[in-house]
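The block underneath contains the structure these notes are about, expressed in structure tokens.
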Amino acid sequence: MTQSSGNSPFRGVGGACIFLIGFMGSGKTHWGKIWAQQAGLDFYDLDELIEKREAKTIAAIFEKQGEGYFRKIETDTLKTFEGKENCIIACGGGTACFNDNMQWMNENGTTIYLYATPSCILSRVKEEKDKRPLINKHNEAELLFFIEQKLKEREPFYSQAKITLPVTGLNEKSLLTINI
């Protein structure tokens, strides 16, 4: 968690948390930290909280316990934010797509989808394959195809976000200009 002090003119609806969603590599953690500091909000990375809780990496959880187990603890960890206010949470790329999490986030805060094109995502994640269990066995051509297919699968969930922000053109003040 990154904490910020001071009062911010920006808050989620009713002071509720802001949930950043989007595909891996869309910048949820990067922008979440910056925006939380700019807005004087606390920042949490859902994957980091899970790794701390489980005392292993996301990749190790996927490998040893499987995706089903990971998705359950992901949902459990997400729901610890019920009633929390004035924070930004960077969710994992698949968080919105399982266990009715998207509906829960929309009911408990403001959801912002950071939209990135498949080629933009590829350029960001291809050097981090070892940290990302869903992509670590693909070459570049396979990886682009995988990203395109996963985005098609996930788009119905991502599109339920209250706000969509294209990642091209984002800057430190982008979040502060949103009228929520």
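The values are calculated or read from the model by the stated rules, or taken from the named source; none is laboratory data. These numbers come from a predicted model, not from an experiment. Reconstructed Cβ throughout: ideal geometry from the backbone, glycine too, with neighbour counts over all protein chains shown.
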Filter result for THR75 (surrounded by 15 or more Cβ atoms within 10 Å (Cβ to Cβ), among the polar types (S, T, N, Q), over 17 Å from LYS162 (Cα atoms) and in contact with a Phe, Trp or Tyr (Cβ under 9 Å, 6 or more places away or on another chain)): yes
Residues of segment 68-77 classified as under 17 Å from the mean Cα position of the chain (by Cα), farther than 19 Å from ASN106 by Cβ and not aliphatic (A, V, I, L, M), total: 2
- prompt: Exactly one of (1) more than 13 Å from the chain's Cα centre (by Cα); (2) crowded, with 19+ Cβ neighbours inside 10 Å is unmet by GLU63. Its number?
  reply: (2)
- prompt: ALA60: within 22 Å of LYS126 (Cβ to Cβ) and modelled with pLDDT of 95 or more, yes or no?
  reply: no
- prompt: Failed condition for THR80, given (1) surrounded by 16 or more Cβ atoms within 10 Å (Cβ to Cβ); (2) under 20 Å from ASN101 (Cα atoms); (3) more than 15 Å from the chain's Cα centre (by Cα), with all others met?
  reply: (1)
- request: Filter segment 136-162 down to the residues that are of a type outside the set (Gly, Ala, Ser) and in a loop (DSSP other than H, G, I, E, B), then identify the one that is modelled with the highest pLDDT.
  value: GLN160
task: For segment 26-44, enumerate the residues that are within 19 Å of TYR115 (Cα to Cα), touching a helix residue (DSSP H, G or I) at 6+ places or on another chain (Cβ under 7 Å) and either free of Cβ contacts under 8 Å to residues at least 40 places away in the same chain or of a type in the set (Phe, Trp, Tyr) (or both).
output: TRP35
- line: Within segment 154-170, the residues that are under 18 Å from the mean Cα position of the chain (by Cα) and loosely packed, with under 12 Cβ neighbours inside 10 Å are PRO156, THR168
message: Give all pairs with beta carbons closer than 7 Å in which a residue from segment 113-126 that is farther than 14 Å from GLU148 by Cβ meets a residue that is basic (Lys, Arg) and part of a helix (DSSP H, G or I); count only pairs at least 6 apart in sequence or on separate chains.
response: LEU114/LYS28
task: State whether one or more residues within segment 78-89 are in contact (Cβ under 8 Å) with a residue 12 or more places away in the chain, touching an Asp or Glu at 6+ places or on another chain (Cβ under 9 Å) and within 25 Å of ALA60 (Cα to Cα).
output: yes
- line: Reported set for segment 30-57 where residues are within 21 Å of PHE98 (Cβ to Cβ) and crowded, with 20+ Cβ neighbours inside 10 Å is GLY32, TYR44, ASP45, LEU46, ASP47, ILE50
Options LEU122, LEU176, LEU114, LEU165; residue that is at pLDDT below 95 and in contact with a strand residue (DSSP E or B) (Cβ under 6 Å, 6 or more places away or on another chain): LEU165
- prompt: From the list LEU41, LEU46, which residue is modelled with pLDDT of 95 or more and aliphatic (A, V, I, L, M)?
  reply: LEU46
